[in-house]
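Enquirer: Quick one: structure below, then a few questions.
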Amino acid sequence: MTRMIHKVLLTVAVTLLVTAPSLAQDVENLKLRDYRPQSVFRVPVTDVTRARYPVIDVHAHDYARTPGELDAWVKKMDTLGIEKIIILSGRTGSQFEEIIKRYSRYPARFDVWCGFDYTGFDEPGWAERAVAELEKCYRLGATGVGEISDKGMGITRSKDDPSHNMHLDDPRMKPLFEKCAELGMPVNVHVADPYWAYLPMDSTNDGLMSAYRWRIDLTREGIYDHAKLIQTLENAVRDNPRTTFIACHLANCDFDLSILGRLLDRYPNLYADISARYYQTATIPRQVRSFYSKYRDRLMYGTDMSTATEMYRFTFRVLETADEHFYFRYTYHWPLYGLDLDDDVLKKIYRDNALRLLDRKGK
Ligand SMILES: [Zn+2]
């Protein structure tokens with residue numbers, strides 16, 4: 001009898017211990033940002049430890065700050081099947097010099113891209129100075145430019161004043177884009193942000209869980225909205241046909257891929273990278289699969305999400321598998337689905353398209 005009571009008490013204690021976190025939650029007032037569902041579906045789960053084909057990641061940043069961190073990153077690349085990574089430093093001058101020097105220990109594994117120097121962009125003679133700086137970075141080893149970013153306030157670093165700023169299609173940018181064409185340097189451009197960030201922040205916002213953090217205040221004077229930003233991309237791509245543009249994050253058109261499709265149809269000098277839009281695309285797998293298949297020659301693999309091994313494996317799982325209803329890091333409240341891309345599509349997006357662009361070096 002005593003032993004039985006003891007057993008019951010033990011069971012109660014264990015149950016309390018196991019369920020304690022959920023008992024502690026005030027579910028009536030659970031916040032969307034705290035929502036952490038766990039799938040109950042017994043469906044296939046594929047553990048992709050290494051990419052099916054060699055990979056070039058065209059969208060990373062200067063994450064390895066020490067030689068030791070760089071060595072560790074290269075070891076991870078070997079394990080994961082990543083042949084090469086493009087570091088979008090966005091820097092010029094001594095900062096660029098320092099970064100490219102650090103990565104030069106692995107010349108076959110990293111390409112480092114520079115930025116544009118906007119210092120004094122509204123003063124006479126700026127274009128000549130900026131072009132000279134671009135040529136200097138090119139001589140130091142820059143093979144492209146990026147990431148040039150405009151979420152509404154402009155591309156220069158004076159983010160808070162739209163009157164003292166430029167957008168991508170500003171005529172003052174033309175000499176720089178022409179120089180990029182001459183040197184065979186593609187330009188990686190980030191226009192707009194996820195669509196939900198521009199919508200009202202209320203209970204109807206489909207992407208609220210992340211969009212609230214990334215929200216754009218459209219009441220700010222002079223700010224461009226999503227459509228206007230896409231128009232600046234189109235203007236720049238159209239007006240500089242010899243320059244290769246890579247619209248990163250699918251030009252933030254994952255909510256309506258027909259917008260990007262129209263631009264790709266119209267402008268052969270435009271490409272897109274798929275970095276940091278895995279959560280957004282993995283919720284509409286059939287649409288995205290057919291889009292990636294149709295534009296297989298124009299899309300490139302990228303990450304833009306640190307150097308974590310599980311992050312890379314997550315991107316491989318989204319692209320390669322047909323896994324259903326899974327979660328990773330809870331960026332949105334919705335579950336994810338693998339795209340199950342064909343081998344030919346996968347090979348082109350993983351590597352072949354990037355290789356073609358990088359081959360243009362110096363032409
Ligand atoms: Zn980026």
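Enquirer: List every residue pair whose Cβ atoms sit under 6 Å apart, with the two residues 6 or more apart in sequence or on different chains, where the first one lies in region 181-195 and is under 21 Å from Pro268 (Cβ atoms) and assigned to a loop (DSSP other than H, G, I, E, B) and the second, anywhere, is modelled with pLDDT of 95 or more and within 14 Å of the ligand (Cβ to nearest atom).
Expert: Once the first residue is under 21 Å from Pro268 (Cβ atoms) and assigned to a loop (DSSP other than H, G, I, E, B) and sits in region 181-195, its partners that are modelled with pLDDT of 95 or more and within 14 Å of the ligand (Cβ to nearest atom) give Met185/Gly144; Met185/Val145; Pro186/Gly144; Pro186/Ile246.
Enquirer: Just the residues that are surrounded by fewer than 17 Cβ atoms within 10 Å (Cβ to Cβ) and either modelled with pLDDT under 95 or away from the ligand (no atom under 16 Å from the Cβ) (or both), please, taken from region 59-73.
Expert: Arg65, Thr66, Pro67, Gly68, Glu69, Asp71, Ala72, listed by residue number.
Enquirer: Given the conditions (1) within 16 Å of the ligand (Cβ to nearest atom); (2) part of a loop (DSSP other than H, G, I, E, B), and given that Thr243 satisfies all but one, which numbered condition is not satisfied?
Expert: (1)
Enquirer: Moving on to the next point. Looking at region 260-277, I want the residues that are touching a residue at least 60 places away in the same chain (Cβ under 8 Å) and closer than 11 Å to Tyr295 by Cα and have a partner that is more than 15 Å from the ligand (Cβ to nearest atom) and among the basic types (Lys, Arg) with Cβ atoms under 7 Å, at least 6 apart or on another chain. Which pairs are those?
Expert: Tyr271/Arg298
Enquirer: Name the residues in region 293-307 that are touching a residue at least 40 places away in the same chain (Cβ under 8 Å), in contact with a helix residue (DSSP H, G or I) (Cβ under 7 Å, 6 or more places away or on another chain) and hydroxyl-bearing (Ser, Thr, Tyr), would you?
Expert: Ser293, Tyr301, Thr303, Thr307, listed by residue number.
Enquirer: Identify, please: which residue in region 162-192 is under 18 Å from Ala130 (Cβ atoms) and within 16 Å of the ligand (Cβ to nearest atom) and is, among those, surrounded by the fewest Cβ atoms within 10 Å (Cβ to Cβ)?
Expert: Only one residue tops the list, namely Val189.
Enquirer: Can I ask one more? Identify all residues within region 275-297 that are charged (D, E, K, R) and within 16 Å of Asp342 (Cβ to Cβ); write none if there are none.
Expert: Here is the first cut: in region 275-297, the ones charged (D, E, K, R) are 277, 286, 289, 294, 296-297.
Once the filter is applied, which keeps residues that are charged (D, E, K, R) and within 16 Å of Asp342 (Cβ to Cβ), region 275-297 yields Arg286, Arg289, Lys294, Arg296, Asp297.
Enquirer: I need the full set of residues from region 103-131 which are of a type in the set (Gly, Ala, Ser), over 23 Å from the mean Cα position of the chain (by Cα) and either exposed (fewer than 12 other Cβ atoms within 10 Å of the Cβ) or assigned to a loop (DSSP other than H, G, I, E, B) (or both), in order please.
Expert: So in region 103-131, the residues of a type in the set (Gly, Ala, Ser) come out as 104, 108, 115, 120, 125, 127, 130.
Filter again for over 23 Å from the mean Cα position of the chain (by Cα), leaving 104, 120, 125, 127, 130.
Hits for region 103-131 are Ser104, Gly120, Gly125.
Enquirer: Next up: Output the number of residues of region 134-161 satisfying the condition of being buried (at least 19 other Cβ atoms within 10 Å of the Cβ), away from the ligand (no atom under 16 Å from the Cβ), modelled with pLDDT of 95 or more and over 26 Å from Pro67 (Cβ atoms).
Expert: 1
Let's see how each residue does on (1) within 16 Å of the ligand (Cβ to nearest atom); (2) out of contact with any helix residue (DSSP H, G or I) (no Cβ under 6 Å at 6 or more places or on another chain):
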site	(1), (2)
Asp273	yes, no
Ala282	no, no
Phe291	no, no
Thr309	no, no
Leu319	no, yes
Ala322	no, yes
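Enquirer: Among the listed residues Thr303, Thr283, identify the single one that is in a loop (DSSP other than H, G, I, E, B) and crowded, with 22+ Cβ neighbours inside 10 Å. Steps first, please.
Expert: Numbers: Thr283 fails: crowded, with 22+ Cβ neighbours inside 10 Å.
One residue alone meets the criteria, Thr303.
Enquirer: If you scan region 306-363, which residues turn out to be surrounded by fewer than 22 Cβ atoms within 10 Å (Cβ to Cβ) and of a type in the set (A, V, I, L, M)?
Expert: Selection gives Ala308, Met311, Ala322, Val345, Leu355, Leu357, Leu358.
Enquirer: Scan region 193-216 and give yes if some residue there is surrounded by fewer than 19 Cβ atoms within 10 Å (Cβ to Cβ), within 16 Å of the ligand (Cβ to nearest atom) and of a type in the set (Lys, Arg), otherwise no.
Expert: Scanning region 193-216 turns up no residue that is surrounded by fewer than 19 Cβ atoms within 10 Å (Cβ to Cβ), within 16 Å of the ligand (Cβ to nearest atom) and of a type in the set (Lys, Arg).
The values are calculated or read from the model by the stated rules, or taken from the named source; none is laboratory data. Computed from a predicted model, the values in this text were never measured in an experiment. All Cβ positions, glycine included, derive from the backbone under ideal geometry; neighbour counts span all protein chains shown.
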